[in-house]
1. Only Cα pairs under 8 Å and at least 6 apart count here; give the relative contact order of the stretch A:252-382 as a rounded whole percent.
2. Using unit Cβ charges (K, R positive; D, E negative) and no other charged atoms, how large, in debye to the nearest 20, is the dipole of the protein assembly as shown about its Cα centre?
3. Calculate one ³J(HN,Hα) per residue across the stretch A:192-201 by plugging θ = phi - 60° into the Karplus curve 6.51 cos²θ - 1.76 cosθ + 1.60, and present them in order as whole Hz with x for glycine and proline.
4. Taking each full run of DSSP H in chain A as one helix, which ones are at least 15 Å long along their axis (Cα atoms) and have mean Kyte-Doolittle hydropathy of at least 0.5?
5. Taking a ≥ b ≥ c as the square roots of the eigenvalues of the Cα gyration tensor of the stretch A:3-405, is the shape rounded (a/c under 1.5), prolate (a/b larger than b/c) or oblate?
6. Using DSSP to call loops (not H, G, I, E or B), can you name the GluC sites (Glu not before Pro) in the stretch A:231-278 whose Cβ has at most 13 other Cβ atoms within 10 angstrom?
7. Suppose every Lys and Arg Cβ carries +1 and every Asp and Glu Cβ carries -1, with no other charges. What dipole size does the stretch A:3-405 come out with about its Cα centre, to the nearest 20 debye?
8. Which residue, A:237, A:385, A:518, has the largest displacement toward the positive end of the dipole of chain A when charges sit on each Cβ (Lys, Arg +1; Asp, Glu -1)?
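Computed from the coordinates by the stated procedures, all read-outs in this text should not be read as laboratory data. Values in this document were obtained by computation on a predicted structure and should not be read as measured data. Backbone-built Cβ (ideal geometry, glycine too); neighbour counts: all protein chains shown.
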Amino acid sequence: MNKQYEPLFTPFKICDVEIPNRIVQCSMGGTSLFGWLEPSHFDTEAADFLLKRAKDGVGLVLPGMQVIRDTMGRKWLDQNRYMYRQLKPYMDEYHKTGGKLFIQLAGGFGRSMAVTPWMAALGRNNLLNKLASPIVDVQYSCASASETPNRWADNFDSRPFTVEEIQEMVWHFGATAKKLREAGVDGVEIHAVHEGYNLDQFAIANMNFRTDQYGGSLENRLRFANEIVQSIKEQAGDDFPVSLRYSVRSCTKGWRKGAMPYEEFEEFGRDMAESEKAVKLLQDAGYDFLNCDNGTYDAWYWAHPPQYMPDNCNLEDVEHIRKFIDIPVACAGRMEPVKAAEEIAAGRLDAVAIARQNLVDENWVSKIKAGKEDEIRPCIRCHNGCFNFAKFEGTENIQSLGDSLHLGRCALNPPTMQHKRYKIVPTRNPKKVAIIGGGVGGMESALVLKQRGHTPVIFEKTGELGGLFLTASAMTFKEHDKQLIDWYKREIEKAGIEVRFNTEVNDIGTIKRGFDEIIVATGSVPRKMPQIKGFEKTMDFETLLKDGEIDNPKLKTVVFLGGGQSSCEAAYDMVYNKKKNPIVVEYGNDLVAAQATCLANTSFLRDAMEYHKVPVYLHSTITEIGDGYCIIKTPDGEIRQECDAVVNGIGFVPAPVGDKEAHVHRVGDCVAIGNLRTVIWRAWDICMRI
Amino acid sequence: MKRSKVLFTVACVGGVGYLAARLLQSDAVQSKLMGGKYDDTVLNLMEKARTLGDILGWPIHFVRALLP
């Protein structure tokens, strides 16, 4: 092992429990040991995933959050005796790894509940909500400290919890912790005075207008969280460790408005001064460990940092708050293991909390121990498989039902949390498979086929593997995307897969004879709109990003035709890193108005455009492109905009080679335009069955 | 007599169902189904079946929770 990682592999204590090393797997929704939003049960898929993490060497695993009362069916978590009976032998097995496991118990979502359209419809109508309440009570699930606006749905406010409801919940936290301890669980984490969840809504003055014992002073606002730890200590024992998920600062400017990492702003939520007092009160109440980061649902990119956020984005704040307490503290949020090890060695931090990397590579800890860091598949913070709650102006949470039910999967690693669906089964009938296209779809297909015992051969028309992802990863802040391409290249080489570079296949017939199966992974091409006068003058993303035109000093003002993710990312790179003047023209009512991208990612881009004062024209289009100008048609009339280039950001269209026929399969964007998740999962779907 | 007939029928149906499921999962059938032309249709149907299975699982979880 590289010496710089050594501080990560030293033990530390939470209460009286020794954690074998400093690596904490942060809780991720969906990896919940008792199921996600469905009626609680012992979830064998999550159990398998969590056990593998412990076997890999994670010191402390925190399964996905577990709401103390089921959202579906409304049973309290402590009422399911059958589930605890199944838990006991699992914990015996788990402890053989030497790792520890704390269950994260949640006080609910409050106004942060990612309500879908049907939930919002129920919640807005008292009669419908009452009728549905034996199964799902949306108003209860969204209840908060006070009447506050839902993060996701317009015209839908949370109702305040009654004191009786709060105290009932407090008791059940204690009762559940007792049952967990009896089943062999090592501790619990309370979720959360963090991220703007329910207990955080009680703690934040601007979200809590109560006049009873749970509102007003900081002590009162933290009373709910503090009564929970006291109930747990009373029922489960003083020596049963209780961690708290905690946001040091909210980094929130107002309802649905986050602050950029480099922005000076007036804090709407919890500021550092209040946090310094709050952590002391929480420690005094009985919490044994603080698992920290920053943010709220309104500034979601702090708690779930996408690729645009800097690495270790919460570290400075977390280290600051640690000075005010004696209990150990972990830091989460794009943490680099090397940096974390340095901070732990220097005594500024006790543990590092890492989440999504655990989904991408099931052996990343073992690989560090073995000195094989270059074999770790990097997380690119896309959130496409694990956490794709999506929203844009005027919508609720528009995530698909299948995704709502299965968070915690991984775009890059399909077997994560679906190990029965995606698995490598050696073939009994080895075949020679031609793969046309050396992008991510082609490379993933080749790796899966090779592992199964087939012989794949990649035909790549250029001299480099990576395909369209070379363009997508060209932006300054996409260092993890670039690492992913490098990882693929190394894996292809290591697996001994034949790649025929500079070989374009335009006719499947030319290669049919030598191969049993053909996979077409030829990607997509930019969509064209010849009805726009001068459209042929537009620049495509490949020229702008991959070919480096973005760095051309003559290119100062650039108009993006289309406000999708690619345009917004490029515009952000231009304005923030290249100090240029992007302008975005979008036909729809919002930027990145798409179902597949997580709100943590899209809200960053929207907030960034606003902060950097990037001109954004919604409900608008370009009607003419000339030399040095374009005409933008807005709802208020036409504007002549001087510019150095217009970038075609209206999307892509599939570009498959050949027809659909027997033994010819399509993978990736040549099927339908998607993202890395659709590309990689499809590659597995096809290649597992060849 | 009647009861044993019912049990025999249930066992037969279960057995045939089990064998059919195993057959569907086999390499040979899967590669036939995904022959190239109908990849999209088969994958879409499977996705829908999975979601349906998830939802059908909810009442089972709920009833199991009531067990002593």
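1. 20
2. Dipole of the protein assembly as shown, to the nearest 20 debye: 2760 debye.
3. 5, 8, 7, 6, x, 6, 3, 5, 5, 5
4. Both cut-offs are met by A:676-687.
5. Rounded shape, in that the Cα axes give a/c under 1.5.
6. Numbers: sites: A:234, A:263, A:264, A:266, A:267, A:274, A:276; in loops: A:263, A:264, A:266, A:267.
Counting only loop positions with at most 13 other Cβ atoms within 10 Å, the GluC sites (Glu not before Pro) in the stretch A:231-278 are A:263, A:264, A:266.
7. Values: 46 positive and 58 negative charges, 127 e Å.
Value, rounded to 20: 620 debye.
8. Positive-most Cα among the choices belongs to A:518.
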